[in-house]
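Asks: The structure follows.
The values are calculated or read from the model by the stated rules, or taken from the named source; none is laboratory data. Treat the numbers as computed from the prediction; the structure is a model and nothing was measured. Backbone-built Cβ (ideal geometry, glycine too); neighbour counts: all protein chains shown. Side chains included, ligands, DNA and RNA excluded: accessible areas come from the protein's heavy atoms. Shrake-Rupley method; radii C 1.70, N 1.55, O 1.52, S 1.80 Å.
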Amino acid sequence: MSENSAAEITAPIPAGVDTAELATYCLMLGDDALIYAQRLCEWVSNAPELEEELALANIALDLLGQARMLLSRAGHVEGKGKDEDVLAYQREARQFRNVTLAELSDELDFGRAIAALLVFSSWRLALLTKLLNSRDPAIAAVAAKGVKELTYHRDYAARWMLRLGDGTELSHQRAQAGLDAIWPYVEELFATHDVERRLAEVGVAVDPAQTRGEVDAVLAEVLPRATLHRPQAPAAQSTSGRDGVHTHGFGRLLAEMQSVAQQEPEATW
Amino acid sequence: MTPDIPPIERAERGNPAAETPLSPLNAGVGSGWGLFEVFVRGKRGLNHVHVGSLHAADAEMALHSARDLYTRRNEGVSIWVVPATAITASSPQEKDPFFAPSGDKIYRHPTFYAIPDNVPHL
Amino acid sequence: MVASGQARQATGLAGSERSELPEDQERRLSVAFEATIAGDSRIEPRDWMPKRYRATLIRQIAQHAHSEIIGMQPEGAWIRRAPTLRRKAILLAKVQDEAGHGLYLYAAAETLGVDRAELTEKLITGKQKYSSIFNYPTLSFADVGVIGWLVDGAAICNQIPLCRCSYGPYARAMIRICKEESFHQRQGYELLLAMMGGTEAQQAMVQDAVNRWWWPSLMMFGPPDAESPNTARSMAWRIKRHTNDELRQRFVDMTAPQAAALGVTLPDPQLRWNPDRQAHDYGTPNWAELTQLIAGADPHNTQRLPHRQAAHHNGTWVREAATAHAAKHPGSAP
């Protein structure tokens, strides 16, 4: 990480902000990126074409970079000496704060992968755009860099959504199926957690409910051109990834991710 | 002096009917993902330079793949992608009689040359 | 003369090389070709070249490209389990680079008149090879470091001289690749330094990985010179700039002190500095094992080709979608 980012990580906490809540919020944003990047890594050597290997790895690397900064900030703000790796590798499942969409496996179905990426990146772009003015210097720095990155991710997903939706009959079916499969997890993205509400009031966080308009706008532009329809499934029970409630698959993801680190607790890497 | 190649051979060379029949393994690259040549200007004040090629289904995809592959997503770098078939070449020093000295393609058409399986190990 | 040349060319079969030039023309072209090479200048795609030069290059470049792509698998297996976020990012970037290197090399091969799809098919059906070192499994995270140090180290030894190979597009691809590859080797060695400075279990893990990867790394340079009949021709054509044994010796001489600095033992009891030769003596690799691997045996069941084939097959509908979309929206398609 660059020297600049190190400076923002250790910058003083903005006045009037609860440090525990700030740490939690950084974990929310950081875990979204970390867990989603972890899922994207499943595509390495499995992508539909070599050019897509590069693109998907780029997206994963960008999100991993954001995760590292946010987790580092969370650890610093919490003040118990935890760094990004302690947070990534020593927490239990119920301590992770990512939304459910981030942890879903697409089972190497490119249609699902693109549908998830379109929604996730549009949503995260909207969040980061509003966080450019966050009073927390680290969050603002992540937003500044992240807005460019997420724009790229969203545009990549949109290009593929068009090609899959308006490609062959088979790709159309699979693109629609992908959209249908992830749709139950979209509503959760806009649910406001108490921590988010309070931190939004003090200018540090953003209320995710405010990102619905931008996400809808992207879908309204992309889906019709892709000859796809927005799924009509009723809003599923908002599962609370933000409260540490996760899917069964998340346990397996975490076990794999943390396996080497936990096997060698005193190790240096 | 290179012989003048009559038009019929030129047509044969570019004849899609002569293309390798598609097997499922061939689907994709080679069956619609055309070859694009990539030119990059690294910074202001420099020319665009040819850096290589890639395959894409259309120009927009080619542009973005070129950014990933040849610039590692360096922003501000100017990229041109050109279908290889759109390039007309003149290379009088290069002497393959397969090519007309001016106004010809940059590479041999891929279906013109079959890779023999029996070339021994290096 | 011109007419008969044309007649012979006109009867050539589509898909096969038309080689029937008038003798004196072919001789003139051959002289020009040899002179270009002797002058250490570059042969470019529109140059006349002997059939065998073209075929050898296609095979060599394709094998190199296939190796980069297959090589993503053994290392890619550890990205999700990387024990720190920094190591995860480094490994992901490295594997991504390997995909990029494969693409550069396929692009170079295509300048010789082949299509990437054809090369992919030859890889998947076993008609073209990749470096058999990638058939070995990666059994611990230490393997990631050792691959960076030894396997990439061996590749660099091979690749730096190829930056001056006689075929322009290949040489240029090698220059680009070499710039990126040195980062890979340094990161691998850095990981090993960290591990050797860590717990006893980590040190044992590193030594175990070295024991498994040392001999395969030596064998990456190919069979001994005495058993490489084509080396002389490739060197005359400057497709190869050094013999297998020369490069292997160079690699051993560079690596032995690195091993000492790391505190690992290379698993060769015959390895020792020979002051008369000013080089290291070393033992003989198990060539029989290499021959088996090249012939397609999969004793470790790493399934590299089935994995590649599955990815390619599962991606067919995606690639076809892009093609279909382009056809529906002309003006952007090539």
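Asks: Which residue pairs have Cβ atoms under 9 Å apart, sit 6 or more places apart or on different chains, and have a first residue in region C:115-142 that is free of Cβ contacts under 8 Å to residues at least 12 places away in the same chain and a second that is open to solvent by less than 30 Å² (accessible area, probe 1.4 Å) and small (G, A, S)?
Replies: Hits for this filter: C:R116/C:A65; C:R116/C:A107; C:R116/C:A109; C:A117/B:A27; C:A117/B:G28.
For every residue, the table says whether it meets (1) in a helix (DSSP H, G or I); (2) within 15 Å of C:E68 (Cα to Cα); (3) open to solvent by 30 Å² or more (accessible area, probe 1.4 Å).
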{"residue": "C:P161", "(1), (2), (3)": "yes, no, no"}
{"residue": "C:C165", "(1), (2), (3)": "no, no, no"}
{"residue": "C:P169", "(1), (2), (3)": "yes, no, no"}
{"residue": "C:Q185", "(1), (2), (3)": "yes, yes, yes"}
{"residue": "C:L192", "(1), (2), (3)": "yes, no, no"}
{"residue": "C:A201", "(1), (2), (3)": "yes, no, yes"}
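Asks: For region A:142-151, which residues satisfy the criterion of being open to solvent by 10 Å² or more (accessible area, probe 1.4 Å) and free of Cβ contacts under 8 Å to residues at least 40 places away in the same chain?
Replies: A:A144, A:V147, A:K148, A:T151
Asks: Now for a separate question. Can you tell me which residues in region C:32-72 are open to solvent by 20 Å² or more (accessible area, probe 1.4 Å), in contact with a Ser or Thr (Cβ under 8 Å, 6 or more places away or on another chain), more than 30 Å from C:V151 (Cβ to Cβ) and in a helix (DSSP H, G or I)?
Replies: Matches in region C:32-72: C:T36, C:K51.
Asks: If you don't mind, another one. Do you know which of the residues in region C:115-159 that are outside any helix (DSSP H, G or I), within 14 Å of chain B (Cβ to nearest Cβ) and polar (S, T, N, Q) is most open to solvent (accessible area, probe 1.4 Å)? Lay out the reasoning, then the answer.
Replies: As a first pass, look at region C:115-159 and keep what is outside any helix (DSSP H, G or I): C:115, C:125-131, C:136-140.
With within 14 Å of chain B (Cβ to nearest Cβ) added as a condition, the list becomes C:115, C:125-131.
Those still in the list that are polar (S, T, N, Q) too: C:125, C:128, C:131.
Working: C:T125: 67, C:Q128: 11, C:S131: 24 Å².
Of everything passing the filter in region C:115-159, C:T125 is most open to solvent (accessible area, probe 1.4 Å).
Asks: Is it the case that some residue within region C:268-276 is part of a helix (DSSP H, G or I) and open to solvent by 20 Å² or more (accessible area, probe 1.4 Å)?
Replies: So far as region C:268-276 goes, no, none of its residues is part of a helix (DSSP H, G or I) and open to solvent by 20 Å² or more (accessible area, probe 1.4 Å).
Asks: Exactly one condition in (1) within 28 Å of A:A20 (Cα to Cα); (2) at pLDDT below 95 is false for A:A235; which is it?
Replies: The single condition A:A235 does not satisfy is (1).
Asks: Please enumerate the residues belonging to region C:35-60 that are within 26 Å of the chain's Cα centre (by Cα) and either of a type in the set (F, W, Y) or more than 11 Å from chain B (Cβ to nearest Cβ) (or both).
Replies: Here is the first cut: in region C:35-60, the residues within 26 Å of the chain's Cα centre (by Cα) are C:36-38, C:40-60.
C:I37, C:A38, C:D40, C:W48, C:P50, C:Y53 - these are the residues of region C:35-60 that are within 26 Å of the chain's Cα centre (by Cα) and either of a type in the set (F, W, Y) or more than 11 Å from chain B (Cβ to nearest Cβ) (or both).
Asks: Filter region C:296-328 for residues that are in contact with a Gly (Cβ under 9 Å, 6 or more places away or on another chain), open to solvent by less than 40 Å² (accessible area, probe 1.4 Å) and assigned to a loop (DSSP other than H, G, I, E, B) and give the result.
Replies: C:G315
Asks: Collect the residues in region C:249-281 that are touching a residue at least 60 places away in the same chain (Cβ under 8 Å) and closer than 24 Å to C:A204 by Cβ, keeping them in residue-number order.
Replies: Narrowing region C:249-281 to residues touching a residue at least 60 places away in the same chain (Cβ under 8 Å): C:250-251, C:254-255, C:258, C:262-264.
C:T255, C:Q258, C:L262, C:G263, C:V264, listed by residue number.
Asks: Of the residues that make up region A:72-82, is at least one modelled with pLDDT of 95 or more, at the interface with chain C (Cβ under 10 Å from one of its Cβ atoms), buried (at least 24 other Cβ atoms within 10 Å of the Cβ) and farther than 15 Å from A:E149 by Cα?
Replies: Yes, region A:72-82 contains a residue that is modelled with pLDDT of 95 or more, at the interface with chain C (Cβ under 10 Å from one of its Cβ atoms), buried (at least 24 other Cβ atoms within 10 Å of the Cβ) and farther than 15 Å from A:E149 by Cα.
Asks: Determine whether region C:290-310 contains at least one residue that is within 30 Å of B:D58 (Cα to Cα) and either more than 14 Å from every other protein chain (Cβ to nearest Cβ) or free of Cβ contacts under 8 Å to residues at least 12 places away in the same chain (or both). Talk me through it step by step, then tell me what you get.
Replies: Step one: filter region C:290-310 for residues within 30 Å of B:D58 (Cα to Cα), giving C:305-310.
Subsequent filtering for residues that are either more than 14 Å from every other protein chain (Cβ to nearest Cβ) or free of Cβ contacts under 8 Å to residues at least 12 places away in the same chain (or both) retains C:306, C:310.
The answer is yes, given that some residue of region C:290-310 is within 30 Å of B:D58 (Cα to Cα) and either more than 14 Å from every other protein chain (Cβ to nearest Cβ) or free of Cβ contacts under 8 Å to residues at least 12 places away in the same chain (or both).
Asks: Suppose we keep only residues that are out of contact with any helix residue (DSSP H, G or I) (no Cβ under 6 Å at 6 or more places or on another chain) and in a helix (DSSP H, G or I) within region C:219-230. Which one would you say is farthest from C:N135 (Cα to Cα)?
Replies: Selected residue: C:A226.
Asks: Any idea how many residues of region C:90-101 are farther than 20 Å from C:S140 by Cα and free of Cβ contacts under 8 Å to residues at least 12 places away in the same chain?
Replies: Qualifying residue count for the region: 1.
Asks: Go over the candidates A:A74, A:A113, A:A20, A:A102 one by one and state the one that is closer than 28 Å to A:A191 by Cα, part of a helix (DSSP H, G or I) and in contact with a Leu (Cβ under 7 Å, 6 or more places away or on another chain).
Replies: Numbers: A:A113 fails: in contact with a Leu (Cβ under 7 Å, 6 or more places away or on another chain); A:A20 fails: in contact with a Leu (Cβ under 7 Å, 6 or more places away or on another chain); A:A102 fails: in contact with a Leu (Cβ under 7 Å, 6 or more places away or on another chain).
Residue meeting the stated conditions: A:A74.
Asks: Quick one: is B:H50 out of contact with any Ser or Thr (no Cβ under 9 Å at 6 or more places or on another chain), open to solvent by 20 Å² or more (accessible area, probe 1.4 Å) and either modelled with pLDDT of 90 or more or on the phi > 0 side of the Ramachandran plot (or both)? Steps first, please.
Replies: Details: out of contact with any Ser or Thr (no Cβ under 9 Å at 6 or more places or on another chain): yes; open to solvent by 20 Å² or more (accessible area, probe 1.4 Å): yes; either modelled with pLDDT of 90 or more or on the phi > 0 side of the Ramachandran plot (or both): yes.
Considered against the rule, which asks whether it is out of contact with any Ser or Thr (no Cβ under 9 Å at 6 or more places or on another chain), open to solvent by 20 Å² or more (accessible area, probe 1.4 Å) and either modelled with pLDDT of 90 or more or on the phi > 0 side of the Ramachandran plot (or both), B:H50 comes out as yes.
Asks: Moving to a separate point now. Could you list, ordered by first residue, the pairs with Cβ atoms under 8 Å in which the first is in region A:152-173 and assigned to a helix (DSSP H, G or I) and the second is modelled with pLDDT under 95 and surrounded by fewer than 19 Cβ atoms within 10 Å (Cβ to Cβ), at least 6 apart or interchain?
Replies: Listed by first residue and then by second, the contacts come to A:Y152/B:R73.
Asks: Examine region C:214-222 for a residue that is of a type outside the set (S, T, Y) and at positive phi, and state whether such a residue exists. Steps first, please.
Replies: In the first step, residues of region C:214-222 are kept if they are of a type outside the set (S, T, Y); the result is C:214-216, C:218-222.
Next cut, at positive phi only: C:222.
Yes, the conditions are met somewhere in region C:214-222.
Asks: Any idea which of (1) over 12 Å from the mean Cα position of the chain (by Cα); (2) surrounded by fewer than 23 Cβ atoms within 10 Å (Cβ to Cβ); (3) assigned to a helix (DSSP H, G or I); (4) within 7 Å of another protein chain (Cβ to nearest Cβ) is the one C:D97 doesn't satisfy?
Replies: Of (1) over 12 Å from the mean Cα position of the chain (by Cα); (2) surrounded by fewer than 23 Cβ atoms within 10 Å (Cβ to Cβ); (3) assigned to a helix (DSSP H, G or I); (4) within 7 Å of another protein chain (Cβ to nearest Cβ), only one is false for C:D97: (4).
Asks: Does any residue in region C:77-89 that is more than 7 Å from every other protein chain (Cβ to nearest Cβ) and of a type outside the set (S, T, Y) come within less than 7 Å, Cβ to Cβ, of a residue that is open to solvent by 10 Å² or more (accessible area, probe 1.4 Å) and part of a loop (DSSP other than H, G, I, E, B) six or more places away or on a different chain, and which pairs are these?
Replies: Taking only residues 6 or more apart or on different chains, the pairs are C:A77/C:T138; C:W78/C:T138.
Asks: Same structure, new question: Which of the residues that make up region A:101-121 are among the polar types (S, T, N, Q) and crowded, with 24+ Cβ neighbours inside 10 Å?
Replies: Here is the first cut: in region A:101-121, the ones among the polar types (S, T, N, Q) are A:105, A:121.
Once the filter is applied, which keeps residues that are among the polar types (S, T, N, Q) and crowded, with 24+ Cβ neighbours inside 10 Å, region A:101-121 yields only A:S121.
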